[in-house]
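Take a look at the structure below.
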Amino acid sequence: MSIRRLSVQNLRNLQNVDIEPASRLNIIYGANGSGKTSILEAINILSLGRSFRSRKHKTLIHHELDQLTVFGRVASASVGADVAVGVQRHRSGDGVIRIDGSNVQSALELAENLPVLAIDNHAFDLLDGSPVVRRQYLDWLVFHVEPSFVLVWKGLQKCLKHRNSLLRRDKIDPLLLAPWDTELARLSELMDEMRGRAFTALEVAYRALVSGFEDLDDVNLSYYRGWDKTQPLSELLELNQQRDIDLGYTRQGPQRADIKITIGRGSAADTLSRGQQKIVACALLIAQGIVFSNHTDRTCVYLIDDLPAELDDRFRKTLAGWLCDMQAQVYVTGVERDVLLSAWPDDVTTSDKAKMFHVEHGAVTEAKIVEI
C-alpha cells in the first residue's frame, strides 16, 4: 500500500503541490513553518477526511481562499491497480469525497482504502491522554482486522443513544430499558471479544519491539473492557439501573474500555522520562502496523512528524529499522536533512525506493539525496 502521486491545493500555505513519492522512504525537510507538516496532513486527509492535528477543517484552508483539495493515486494491493482518491473541503462546511470517480458518503471508505498511522507530538497522548485516545488506538486496528466491527460499533452507538435518552427522563418504566439492555449486553460481548483478540496481538508485537530496552521491561499493558471482568454486563446493567437513572447515562460498557499502561501499580506516564515515553508510544504505533500487516497482507502508510524531536540518535535508527523491516511507505519530516538521512540505512537512502523533498514557503521541490 503506497501513494504514487500526491496533489494538494490551498491546504494551509501549500497552494499548488504535485509530487510523485517514493515507494518506501520520503524525507521532507525545511525550516519551521515552511509547510512540511501540511504535506503529512494532506495524506491523512486522504485516509480519514481530516488532519491528525485538528478536526476543524476551516483552519486548514488557506486564509484567502474558500476550499482545499487533496488528490492521491494509491497503489492498492487488494484491488491490484491504482485507485484515484480525492477530498475537497469548503469553508462553508460542505465537502466531497471521491474514490475512482464515484462520490462516497462516509470517510470509513477512505480508511479502508488507505490505512495511515501518524507519529507526532500527540503520540504521547497514548500514555498520558484520556481513555478515549487509547480506545481509538485499539479500535483503529479492530476496524481493519475484524470484518464485523463497523456493524457492531454502529449498533452499540444506537443502543447507548436510546438507553441514555430513556435514563434522562423524569420517570421511566424499567420495562422500557429491558430491550435496550439486552441488545447492549449482546453487542458489548461481541465488541469485547474483537478488542480482546486485537489487544493480545498488539501486546505480543509490542513486547518483541521493546525487548532490547532493559529500562522498559517493567512497562506493562493490560486491557480493560469497560466493566467488571467477573460479571456479565447484563447483570451489571440490572444491578446498577437506579444509579444510571440518577446520573442520566450508562456508566459501564465498552464505551469505557481502556488500555492501561503501567509500571507496578502506577501510571507509566508518571514514571518514565519524556524520551522513554516516546519510545513506548512509537513501539505501540509500530506494533499496530505489524499486526495490521500480519492479518491483512497489506502495509499501512506511516507519517513521522519531526523525527528528531526528543529522540536520541540510537532510537532514531531503531525506529527507522522497525519501519524498514515492515517495508511500509514512510513520510518523515524534520528541519535538518542530514539528521534525517543519518537515521536510515544506506541501502535504503541510495536506492530508487527513497526520495527527498525540500519545502520552502509552501513550495515543494524534489532534492537530490547525497552521501553525508
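Some points to look at:
- Entries of Lys58/Lys278; Lys56/Lys355; Lys154/Lys229; Lys36/Lys278 with Cα pairs more than 26 Å apart: Lys58/Lys278; Lys56/Lys355
- Using alpha-carbon coordinates, inclination of helix 313-326 to the longest axis of the chain, degrees: 80 degrees
- With contacts taken as Cα pairs under 8 Å at a separation of at least 6 residues, the chain carries a relative contact order of 26 percent.
- Cα convex hull, region 229-307: 199 Å³ per residue, rounded to a whole number.
- For region 239-317, the solvent-accessible area works out to 43 Å² per residue, with a probe of 1.4 Å and every protein chain left in place.
- Peptides 235-245, 184-194 ordered by average Cβ neighbours within 10 Å, highest first: 184-194, 235-245
- Full extension of the chain between Gln105 and Asp347 yields a length gain of 82.9 nm, computed as 0.36 nm times the residue separation minus the alpha carbon distance.
- Distance from the alpha carbon centroid of region 259-327 to that of region 64-119 works out to 27 angstrom.
- On the chain, 47 percent of the accessible area sits on carbon and sulfur atoms, based on a 1.4 Å probe.
- Start at zero, step by 5 Å, and the Cα-Cα distances of region 46-153 spread as 2, 10, 17, 20, 19, 18, 10, 3, 0 percent across the bins.
- As computed over the chain, the Cα convex hull volume per residue (Å³): 153 Å³
- Paramagnetic label zone (point 7 Å from Cα along Cα-to-C-beta, His361; backbone N under 19 Å) in region 56-77: 62-65
- Distance between the 7 Å Cα→Cβ label points at Ala84 and Glu235: 5.9 nm.
- Semi-axes of the equivalent ellipsoid for region 194-247, Cα gyration tensor, largest first, Å: 36, 12, 8
- Contact order, relative form, for region 129-225: 31 percent (alpha carbon pairs under 8 Å, 6 or more residues apart, mean separation divided by residue count).
The values are calculated or read from the model by the stated rules, or taken from the named source; none is laboratory data. Model, not experiment: these values are computed from the prediction. Positions of Cβ are generated from backbone atoms using ideal geometry, with glycine treated the same way; all protein chains shown enter the neighbour counts. Heavy atoms of the whole protein, side chains included, go into the accessibility calculation; ligands, DNA and RNA do not. Shrake-Rupley method; radii C 1.70, N 1.55, O 1.52, S 1.80 Å.
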